Amino acid sequence: MSNLEQKSRTQFNKLQKRLRRCVGEAIADYNMIEHGDRVMVCLSGGKDSYTMLDILLNLQKTAPVDFEIIAVNLDQKQPGFPEHVLPAYLQSIGVPFHIIEHDTYSIVKRIIPEGQTTCSLCSRLRRGTLYGFAKEHNITKIALGHHRDDIIETFFLNMFYAGKLKAMPPKLLSDDKQNIVIRPLAYCREKDINRFAAFKKFPIIPCNLCGSQENLQRQAMKQMLTGWDKQFPGRIETIFASLQNIAPSQMLDPGLFDFAGLQRDPDSAIPRIASDEPGLDILER
């Protein structure tokens, strides 16, 4: 093995360990996977879902709990979709899988006028199909491949375009209380996933359905964050940390904190720090 090959192998091993550590920490922090779980790993054919499957398969071998992995792809019947790619890959690595065929593409194109965003309807149809499959096959956890950058981008999308402080939670109970969605890559950086996918040479399948406004808005958020990351190293990490450190009493949502019910308590005393500095004696009161 040449020095260049050795260096590349060393870099890959470090990258793989970092991603596995991030996934393991996210799973532990949010109790994503428990003993006896049947985890449906949703594969789109993109770099994120391939990486998620690869890491979960590895963790499955060493995890302190036993869980089952079932790979699932939803074939939405997009024109030109290479139907053979995912089955061939999953057979080559020996993973149990299901291909769900549901022509959501035609439904979206029929309902949504040309030029308008398809993302919302496409997402609802896809989610409904996967939830139905999960119920039929006794799936206990549904794993999606969203990573840290997706979560932060969604946060700013909701802030800028919807007027909400809302992101993607690492663990989510569906509205009907029947399904738990997990995002094992929640702590993983997209640039690490890109490098990992390139090293592994996953057979990537591009998504050509979403070229609409919401996707353009997400690209704008991605460019903004990339610029910040270059200009202010560490800012992205700080933003992500802030999503885990929320103080409702310091925000403005009366649904999260009872501002209307706040009352003075004259008998309550907060210890003050005595100071000899002129003008700071007020801290003693």
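The values are calculated or read from the model by the stated rules, or taken from the named source; none is laboratory data. Only a predicted model underlies this, so the values are computations on that prediction, with no experimental measurement involved. All Cβ positions, glycine included, derive from the backbone under ideal geometry; neighbour counts span all protein chains shown. To get the accessible areas, we keep the full protein, side chains included, count just its heavy atoms, and leave off ligands, DNA and RNA. Shrake-Rupley method; radii C 1.70, N 1.55, O 1.52, S 1.80 Å.
Determine, from the Cβ-Cβ distance of Asn138 and Gln263 and an R0 of 51 Å, the FRET efficiency 1/(1 + (r/R0)^6), rounded to the nearest 0.05. The formula returns an efficiency of 0.50 here. For the chain, with all protein chains in place and a probe radius of 1.4 Å, 53% of the accessible heavy-atom surface sits on carbon or sulfur. For Asp75, nonlocal amide neighbours, meaning residues 5 or more places apart or on other chains whose placed amide H falls under 5 Å from its own, are Ile100, Glu101, His102. Near Ala167: Cβ cut-off under 14 Å, other residues only, Lys/Arg at +1 and Asp/Glu at -1. The net charge is +3.
Using only helices, what value at 222 nm comes out for the chain when you add -39,500 (n - 2.57) per DSSP H run of length 4 or more and divide by the total residues, to the nearest 500 deg cm²/dmol? -14500 deg cm²/dmol, from helical runs alone. Taking only Cα atoms and a 10 Å spring cutoff, compute GNM fluctuations for the chain and point out the largest among Glu237, Glu136, Glu153. Highest fluctuation among the options: Glu136. Note on Lys222 and Tyr30: the extension gain reaches 66.5 nm, defined as 0.36 nm multiplied by sequence separation minus the Cα-Cα distance. Each Lys and Arg adds +1 at its Cβ and each Asp and Glu adds -1 at its Cβ; summed about the Cα centre, the chain shows a dipole of about 1080 debye. The stretch between Glu101 and Gln231 holds 42.3 nm of extra length on full extension. This uses 0.36 nm per residue minus the Cα-Cα distance. Derived scalar couplings between HN and Hα for the stretch 168-179 equal 10, x, x, 9, 9, 9, 4, 4, 7, 6, 9, 9 Hz in order, rounded to whole Hz, by the Karplus curve 6.51 cos²θ - 1.76 cosθ + 1.60 (θ = phi - 60°), x for Gly and Pro. Computed over the chain, relative contact order equals 21 percent, with contacts defined as Cα pairs under 8 Å that lie 6+ residues apart. Legend: helices of the chain (whole DSSP H runs) are marked when their alpha-carbon atoms reach 18 angstrom or more along the helix axis and their mean Kyte-Doolittle hydropathy is at least -1.0; marked are 47-62, 119-136. Rolling a 1.4 Å probe over the heavy atoms of the protein chains gives the stretch 1-148 an accessible area of 53 Å² per residue. Computed about its Cα centre, the charge dipole of the stretch 47-162 is approximately 240 debye, with only Lys, Arg, Asp and Glu carrying charge at their Cβ.
For Ala247 and Leu4, the difference between the fully extended length at 0.36 nm per residue and the C-alpha to C-alpha distance is 82.6 nm.
Of the listed pairs Lys164/Lys222; Lys77/Lys141; Lys14/Lys200; Lys47/Lys191, which have alpha-carbon separations greater than 20 Å here? Exceeds cut-off: Lys77/Lys141. Note on P(r) over Cα pairs in 10 Å bins from 0, in percent: of the candidates (1) 7, 30, 40, 21, 3, 0; (2) 7, 30, 36, 21, 5, 1, 0; (3) 5, 22, 31, 22, 10, 6, 4, 1, the value calculated from this structure sits at (3).
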